[in-house]
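Asker: Shown below is the structure under consideration.
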Amino acid sequence: MKQAMALFALLAVTLVAGHARFGYATVYQIGYGAFSLMAAMISLTFLWLWARRATPLALGMSFSWAGAASVMGWWWVFNLLSRPGFMVESEVLFLFLALYFAGAVLHFAVIAKSVSAPPLFLGVPVFASLALSALVRLLI
């Protein structure tokens, strides 16, 4: 745990120092790009684990990391290309969100199964998240 917290602190300090030295846009673009690429590699690793039947959570992890890579990669490219019109309100982003959401639902399914919860339990966090997000949108 100490090593993980030290790693987090080191990365946070590095990013803040990078911001002070190179500016927000540069650190943002490098950070989002690196995260998107690492997330894609992690997704492929979990897909491989799923294919080997190494863990029941692997497919959900693969979908989640693929969704993270896609959504973050979208915003990375969007900003690198100076917010091109063809990417504004593009429905392609919804495909990436669907991938991310599918990973989340698969996670909740494994969690529900591991605690012997009824099948409807898996819908609670999904619908609660959607309802809270919609409420925030209505209030703002």
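Asker: So residue 116 passes all but one of these: (1) farther than 30 Å from residue 13 by Cα; (2) part of a helix (DSSP H, G or I); (3) among the small types (Gly, Ala, Ser). Which condition number does it fail?
Answerer: It is condition (2) that residue 116 fails.
Asker: Would you kindly identify the helices (runs of 4 or more DSSP H) lying entirely within segment 1-98 that contain at least 2 residues that are surrounded by fewer than 12 Cβ atoms within 10 Å (Cβ to Cβ) and out of contact with any helix residue (DSSP H, G or I) (no Cβ under 8 Å at 6 or more places or on another chain)?
Answerer: Ranges flagged: 2-22, 24-51.
Asker: Right, here's the next one. Does residue 106 qualify as being part of a helix (DSSP H, G or I), open to solvent by less than 60 Å² (accessible area, probe 1.4 Å) and touching a helix residue (DSSP H, G or I) at 6+ places or on another chain (Cβ under 6 Å)?
Answerer: no
Asker: Let me ask something else about it. Determine whether residue 90 is among the polar types (S, T, N, Q), touching a residue at least 24 places away in the same chain (Cβ under 8 Å) and on the phi < 0 side of the Ramachandran plot.
Answerer: No, not satisfied.
Asker: Could you check, for segment 133-140, whether at least one of its residues is under 30 Å from residue 16 (Cβ atoms), open to solvent by 40 Å² or more (accessible area, probe 1.4 Å), at pLDDT 95 or above and in a helix (DSSP H, G or I)?
Answerer: Yes, segment 133-140 has at least one match.
Yes/no per residue for (1) at pLDDT below 95; (2) touching an Asp or Glu at 6+ places or on another chain (Cβ under 7 Å); (3) under 25 Å from residue 129 (Cα atoms):
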residue	(1), (2), (3)
9	no, no, no
41	no, no, no
52	yes, no, no
104	yes, no, yes
109	yes, no, yes
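The values are calculated or read from the model by the stated rules, or taken from the named source; none is laboratory data. Please read all numbers here as calculations on a predicted model, not as lab measurements. Backbone-built Cβ (ideal geometry, glycine too); neighbour counts: all protein chains shown. Please note that ligands, DNA and RNA were not included when accessible areas were found on the heavy atoms of the full protein model with its side chains. Shrake-Rupley method; radii C 1.70, N 1.55, O 1.52, S 1.80 Å.
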